[in-house]
Amino acid sequence: MMRCVGWTKTLLRHMLCAAVLLALWLFPTSATGEGSVRALFVACENFLSAESIAPSAGNNLRLLTSAFAQSVAPSDLRVENGTIASSAALGEAIAQAFAGAQEDDVSLLYLSTHGLYDASRPDEPARLLLSNGVAEDSITAAQLAEYLDGVPGTKVIILDACNSGAFIGKGMPVSVVRSMSLPLNRAGYKVIASSGGYEDAFYWNAGGYGAQGSSYFALALYHALTPQGGQYEADQNRDGAITLEELSDYLLRANGTSSVQCYPEQDDFVLFSYDVQAVPDTSTAAIAYFSLGNSILTYDDPTLTFSFTALRDARISYQIVYHQQGRWMWESAQRILDTSESADGMVRAGRKERALSLSVDSLASDVAGYALLQVIAESDAGTEVAESRLISVQPIVGNPQLSLAAPLSLTLGEERELVIEAFHDFPVSLTLDVYTALGVHVRSLARSVPSRPNALTPEASLFYWDGRDDEGEYVLPGQYALRLSTTVGGRQYGAVFEYVYVREGTVMMPVQPIG
């Protein structure tokens, strides 16, 4: 029986510098039509200027290429593990991997490496390190776009790295994003980033078992791509198609360590199609069908309830990690052995119901904050982090001091989204709506969405509006208002931002308020 030794010391806070430009598992039946899918998977593990992330980056490739092989058969799938050490070399690999691409095709790129962005120097672009352990270089979003712009069809990029959201201006303050050049935020590109522009992302490592370990994001992505019990968990409406929005929502929910970002926001581009009547169960996971009773707790009721199905006998433990002083406190994580069925933590196969009580004293002095629940399973097949869920502990009473910030204008059809910064003093659940100047509701951007830690100071949540209404149609040019609200202790708090001018095309004339 393999056992996990010293888990709290080995959950290393590697800046998950993995730009998972994950050459998507788009099928021929995807939204791109009947075209082909080409994939390029790249990992960099050993560096001259940064800490090694071996073997995790290489394990990401093995994990995800396995998932792709099970779910999709790309016409061409290339793997570069530790061989790309310069921007030019990556450009050449892209040219070779995607040669022959047509307008109906999908080109999928996966890159796992270190990601770098200095929030104190916002004028310097984010970079992804490229290294083979002997030579080293880096690449920016502009350089990446230069290599991919010449590839016809749809380019799907998944960035799994520290600060990877900076490549698309996500997870960053309004004041920074408004002046950024965003070369990947336009037609023809679909991007998912594993963390916000100011956030770290993380790997796990199973102690003495050096062959094990990967990024939490890659684990969540693997679970999204691997069917369990005849269904894909990322397919929320079970219609046989997984859209960019569905995948982004799943990854946000299934990876609590960082906040997944997506461009375009709320996009219905179909990433993955399958026959709902013929889905094999190819999962090798020890745990499936995890359900969290409530991800929002309060001081007077800190009990966390959840359920799952153990697919085989396994040793189960639960790790609680608290978020303090702007970071995850991995070094003081609490590991709790599941002794419900045996003293050594062995849990037999079957459906399980569990409850844990969080230590509210481990949170901030105002008894509000964030925690991470991780379910760890050890069996003959190895050790795995089966689940990693974010928990929000909200105060019983208190004024969150809500306020809003946003650019004053949005131009329709330019692909650039309106960044909305919602400030709050402590964790809350937020509702955000868009109205015309005369109070007519046009779009719901959030409905009681729990806030998340995202390394912003002051604390804030970020939302994005593409200028469309709830029916998916562009709104009329005119003046619009943003309304933010939350409820704490039975009392409602709110904030309004009334100055968003929506323009059509490149028209620069002042617009009039509309009804």
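Just one residue in the set 144, 159 is buried (at least 24 other Cβ atoms within 10 Å of the Cβ), closer than 26 Å to residue 413 by Cβ and at pLDDT below 95; that residue is 159.
Taking the numbered list (1) assigned to a loop (DSSP other than H, G, I, E, B); (2) touching a strand residue (DSSP E or B) at 6+ places or on another chain (Cβ under 6 Å) in turn, residue 138 passes all entries but (1).
Taken over segment 96-110, the criterion of being open to solvent by less than 60 Å² (accessible area, probe 1.4 Å) and over 18 Å from residue 272 (Cα atoms) is satisfied by 97, 98, 100, 101.
Against the list (1) open to solvent by less than 20 Å² (accessible area, probe 1.4 Å); (2) modelled with pLDDT under 95; (3) in a strand (DSSP E or B), the condition residue 307 fails is (2). In the set (1) out of contact with any Phe, Trp or Tyr (no Cβ under 8 Å at 6 or more places or on another chain); (2) more than 24 Å from residue 267 (Cβ to Cβ); (3) open to solvent by 10 Å² or more (accessible area, probe 1.4 Å), the condition left unmet by residue 408 is number (1).
Among the residues of segment 417-451, just one is surrounded by fewer than 20 Cβ atoms within 10 Å (Cβ to Cβ), of a type in the set (D, E, K, R) and in a loop (DSSP other than H, G, I, E, B), namely 425.
Looking at 255, 185 in this structure, which one is in contact with a strand residue (DSSP E or B) (Cβ under 8 Å, 6 or more places away or on another chain), surrounded by 24 or more Cβ atoms within 10 Å (Cβ to Cβ) and farther than 22 Å from residue 423 by Cβ? Of the residues listed, the single one that is in contact with a strand residue (DSSP E or B) (Cβ under 8 Å, 6 or more places away or on another chain), surrounded by 24 or more Cβ atoms within 10 Å (Cβ to Cβ) and farther than 22 Å from residue 423 by Cβ is 255. Applying the criterion of being in a strand (DSSP E or B) and among the hydroxyl-bearing types (Ser, Thr, Tyr) to the residues of segment 352-377, the residue that is modelled with the highest pLDDT is 370.
Where strands (runs of 3 or more DSSP E) fall entirely within segment 208-278, those with at least 1 residues that are over 26 Å from residue 44 (Cβ atoms) and modelled with pLDDT of 90 or more are at 241-243. Residue-level analysis places residue 338 outside the set of residues that are farther than 29 Å from residue 393 by Cα and in contact (Cβ under 8 Å) with a residue 12 or more places away in the chain. Quick one: which of 340, 359 is over 25 Å from the mean Cα position of the chain (by Cα) and open to solvent by less than 70 Å² (accessible area, probe 1.4 Å)? After ruling out the rest, the residue left standing is 359.
Among the residues of segment 378-408, count how many are in a strand (DSSP E or B), of a type outside the set (Ser, Thr, Tyr) and touching a Lys or Arg at 6+ places or on another chain (Cβ under 7 Å). If you could, list the steps in order and put the result at the bottom.
Here is the first cut: in segment 378-408, the ones in a strand (DSSP E or B) are 378-379, 382-394, 403-405.
With the extra rule that they be of a type outside the set (Ser, Thr, Tyr), the set shrinks to 378, 382, 384-387, 389-391, 393-394, 404-405.
After this cut, where a residue has to be touching a Lys or Arg at 6+ places or on another chain (Cβ under 7 Å) as well, the list is 378, 390.
Matching residues across segment 378-408 total 2.
The set of residues in segment 258-282 that are on the phi < 0 side of the Ramachandran plot, touching a residue at least 24 places away in the same chain (Cβ under 8 Å) and open to solvent by 30 Å² or more (accessible area, probe 1.4 Å) comprises 265, 268, 274, 275, 276, 280, 281, 282. Taking segment 488-507, which residues are surrounded by 15 or more Cβ atoms within 10 Å (Cβ to Cβ) and within 28 Å of the chain's Cα centre (by Cα)? 488, 495, 497, 500, listed by residue number. List, please: which pairs have Cβ atoms under 8 Å, are six or more places apart or on different chains, and start with a residue in segment 214-229 that is at negative phi and end with one that is β-branched (Val, Ile, Thr) and surrounded by fewer than 24 Cβ atoms within 10 Å (Cβ to Cβ)? Going by the 8 Å Cβ cut-off, the qualifying pairs are 216/385; 219/385; 226/282; 227/279; 227/282.
The values are calculated or read from the model by the stated rules, or taken from the named source; none is laboratory data. Everything quoted here is computed from the prediction, not taken from an experiment. Counting neighbours? That spans all protein chains shown, and the Cβs are built from the backbone with ideal geometry, glycine included. SASA here: full protein model, heavy atoms, side chains in, ligands and nucleic acids out. Shrake-Rupley method; radii C 1.70, N 1.55, O 1.52, S 1.80 Å.
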